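This report refers to the structure that appears directly beneath it.
The values are calculated or read from the model by the stated rules, or taken from the named source; none is laboratory data. No experiment lies behind these values; they were computed from the predicted model shown. Please note: Cβ atoms are built from the backbone with ideal geometry, for glycine as well, and neighbour counts cover all protein chains shown. Quick note on the areas: whole protein, heavy atoms, side chains included, nothing else; ligands and nucleic acids left out. Shrake-Rupley method; radii C 1.70, N 1.55, O 1.52, S 1.80 Å.
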Amino acid sequence: MSLAACTEFLDKINSDAALQQETTSVLEGKEEIEEAANAFVLFGAKHGYEFSAAEAIQKYQEVMNQAEGELDDEVLEQVAGGRRSSGTGCCFASF
């Protein structure tokens, strides 16, 4: 298990539209970060990536900390309009 595997999996998701849709489906309805992290770990394992829920949460926090800058127009509109970006209700879908 490793944070590097989690990062590699996220890179793969970001470069594959079908995998992005599958990720959204897997995380749908997962409101709590621990529940979402556990689902994300199982999803990663299905695709050959081994990492823990704690590592997934750590990576999510890193991504969110890096994103704490200027918002692009789409995200700003979603925040102002009160919409969620993924429709899943979960933070992991925003990776």
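A few notes on this one:
- Every pair of residues 6+ apart whose Cβ atoms lie under 6 Å, when the first sits in region 37-60 and is closer than 10 Å to CYS6 by Cα and charged (D, E, K, R) while the second is assigned to a loop (DSSP other than H, G, I, E, B) and modelled with pLDDT under 95: GLU50/MET1
- Residue selection: PHE51 satisfies the criterion of being surrounded by 15 or more Cβ atoms within 10 Å (Cβ to Cβ), assigned to a loop (DSSP other than H, G, I, E, B) and at pLDDT 90 or above.
- Output for region 5-21, where each listed residue is open to solvent by less than 60 Å² (accessible area, probe 1.4 Å) and either without any contact (Cβ under 8 Å) to a residue 40 or more places away in the chain or assigned to a loop (DSSP other than H, G, I, E, B) (or both): ASP16, LEU19
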